[in-house]
1. Quick check: the angle from helix 30-41's long axis to the longest principal axis of the chain, C-alpha only, nearest 10 degrees?
2. Given the -39500 (n - 2.57) contribution per DSSP H run of 4+ residues, what per-residue ellipticity at 222 nm results for the chain, rounded to the nearest 500 deg cm²/dmol?
3. Quick one: putting +1 on the C-beta of Lys and Arg, -1 on the C-beta of Asp and Glu, what dipole do you get for the chain around its Cα centre, in Debye to the nearest 20?
4. Go ahead and run the numbers for FRET between GLU10 and ALA59, Cβ-Cβ distance against an R0 of 25 Å, rounding to 0.05.
5. On a 0 to 90° scale, report how tilted helix 62-84 is relative to the longest principal axis of the chain, with both axes built from alpha carbons and the result rounded to the nearest 10.
6. I'd like the carbon and sulfur percentage of the solvent accessible area for the chain, probe radius 1.4 Å, heavy atoms only, ligands and nucleic acids excluded.
7. Highest GNM mean-square fluctuation, the chain, Cα pairs closer than 10 Å: which of ARG41, ARG51, ARG68?
8. How long is the gain from THR47 to GLU83 if the chain were fully straight, where each residue apart is worth 0.36 nm and the alpha carbon distance is subtracted?
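The values are calculated or read from the model by the stated rules, or taken from the named source; none is laboratory data. None of these values were measured; they are calculated from a predicted model. As a convention, Cβ positions derive from the backbone with ideal geometry for all residues, glycine included, and neighbour counts pool all protein chains shown. Surface accessibility is based on the protein's heavy atoms, side chains included, excluding ligands, DNA and RNA. Shrake-Rupley method; radii C 1.70, N 1.55, O 1.52, S 1.80 Å.
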Amino acid sequence: NVDEAQIRGENIGLLVWSWYLMGDVDTSNDFRAKMQQALARLGFAETSSTRIIVATPMADSLTDTRARLQDFLDEYVPLLYQELRSPGVLAP
């Protein structure tokens, strides 16, 4: 699940997806992210947290734009998560 926003300018539009990665939990729910943050502060969860935001120019079709963004995530999110979970990248 992701938060989705469409940003429209005079000559371009962007489709933006975002979500949180908090320890091993990924969520787009702000309340769940706050709960994970509280659990981390109490020592019951990992303290690392990241807000991930990806954007792509809008195509003629919203369906095509979403598919392009999903293809990108399918290929690169595993690498991104691997890098973010590397020692020293996200300091508690």
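1. 20
2. When only DSSP H runs of four or more count, the value is -13000 deg cm²/dmol.
3. On the way: 8 positive and 13 negative charges, 84 e Å.
Dipole magnitude for the chain comes out near 400 debye.
4. With a Förster radius of 25 Å, E is 0.90.
5. Compared with the principal axis, the helix lies near 30 degrees.
6. Values: 3430 of 6470 Å².
That share works out to 53 percent.
7. Checking each option, the largest mean-square fluctuation is seen for ARG41.
8. 11.3 nm
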